[in-house]
Amino acid sequence: MIQYHDDEWGVPVHGERELFEYFVLDAFQAGLSWLTILKKRENFRKAFSNFDYRKIARYGKKDFNRLMSDEGIIRNRLKIEATINNAQRFMEIQKEFGSFDKYIWQFTKGKSLRNRWKSASKIPTKTEESDLMGADLKRRGFKFVGSTICYAFMQAAGMVNDHTIDCFRYKKV
């Protein structure tokens, strides 16, 4: 957790594969701890073709069954189905907007929102931006994209800087 916090969390991400990875991991994290997901991250990368959304979009019954029997990941039927579905929807957005990056960053007007939290207890679990993002993604057919999951994604992908003002990472990201 410390390494993830110190090296990744809150750093703006614009790569398509990386954005999809955070999207998948945050969906799988629903109802679980982020530590659980981080411990299984490498297993997720192996199981899901290094988060290559083009490959995942073509997954069929054989791939689904393989994932359901993979003890290295979270074997949740709905989350696995959502990942395959979301890869397909991800590519539809790329086609419409030119990139998923261009689409997703519109919710923060193309820049990281810099919050000024004095303590972690003040950090919200959702915001107006994540509400709008979740609603639009659902309208486009995405699954596991509620406002709380979207806000966790926004934090991970650096769309918001939720490091507290006394954190050494606050000014760096």
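None of the figures in this text is laboratory data; all of them are computed from the coordinates on show. Predicted model, so just to flag it, every value in this text is computed and none were measured. Every residue, glycine among them, receives a Cβ derived from its backbone with ideal geometry; neighbour counts consider all protein chains shown.
Here are a few things to note about the model shown:
- Exposure proxy ranking, count of Cβ atoms within 10 Å, fewest first, for I104, I123: I123, I104
- Whole-Å distance, taken between Cα centres, linking region 44-71 and region 83-156: 23 Å
- Between N115, N161, N86, the GNM of the chain built on Cα springs shorter than 10 angstrom shows N115 fluctuating the most.
- Cα long-axis angle, helix 128-139 against the chain (0 to 90 degrees, to the nearest 10): 10 degrees
- Kirkwood-type radius of the chain, with distances r between different C-alpha atoms, in Å: 16.5 Å
- Region 147-166 residues near the modelled T125 label - backbone nitrogen below 16 Å, point 7 Å along Cα→Cβ: 147-155
- Within a straight-line Cα-Cα reach of under 16 Å, K102 can be paired with the following lysines, leaving aside sequence neighbours fewer than 8 residues apart in one chain: K111.
- Rel. contact order, % - alpha carbon contacts under 8 angstrom, at least six apart, the chain: 30 percent
- With Cα atoms, 0 to 90° folded angle of helix 147-156 axis to the chain main axis: 70 degrees
- Label-point separation, R54 to I165 (7 Å along Cα→Cβ), nm: 4.6 nm
- Mean-square fluctuations from a GNM of the chain, with a 10 angstrom spring cutoff on Cα atoms, peak among F48, F64, F28 at F64.
- Annotation: amide H-H contacts under 5 Å for R114 (H modelled 1.01 Å from N, sequence separation of 5 or more, or interchain): N161.
- Under the combined filter of DSSP loop state and at most 15 neighbouring Cβ atoms within 10 Å, region 25-84 retains these trypsin sites (Lys or Arg not before Pro): R58, R75.
- The ranking of H163, H14 by Cβ neighbour count inside 10 Å, starting from the fewest, reads H14, H163.
- Calculated [θ] (222 nm, deg cm²/dmol) that DSSP helices of n ≥ 4 give over the chain, each run adding -39,500 (n - 2.57): -16500 deg cm²/dmol
- Taking the fewest neighbouring Cβ atoms within 10 Å as the starting point, the ordered list for M1, M159 is M1, M159.
- Cross-link reach list, lysines versus K61, counting only Cα pairs under 30 Å and skipping chain neighbours closer than eight places: K39, K40, K46, K79, K95, K138, K143
- In region 96-173, chymotrypsin sites (Phe, Trp or Tyr not before Pro) in a DSSP loop with at most 11 other beta-carbon atoms within 10 Å: F168
- Other-chain or far-sequence residues with amide H under 5 Å of K143's (modelled H): N86
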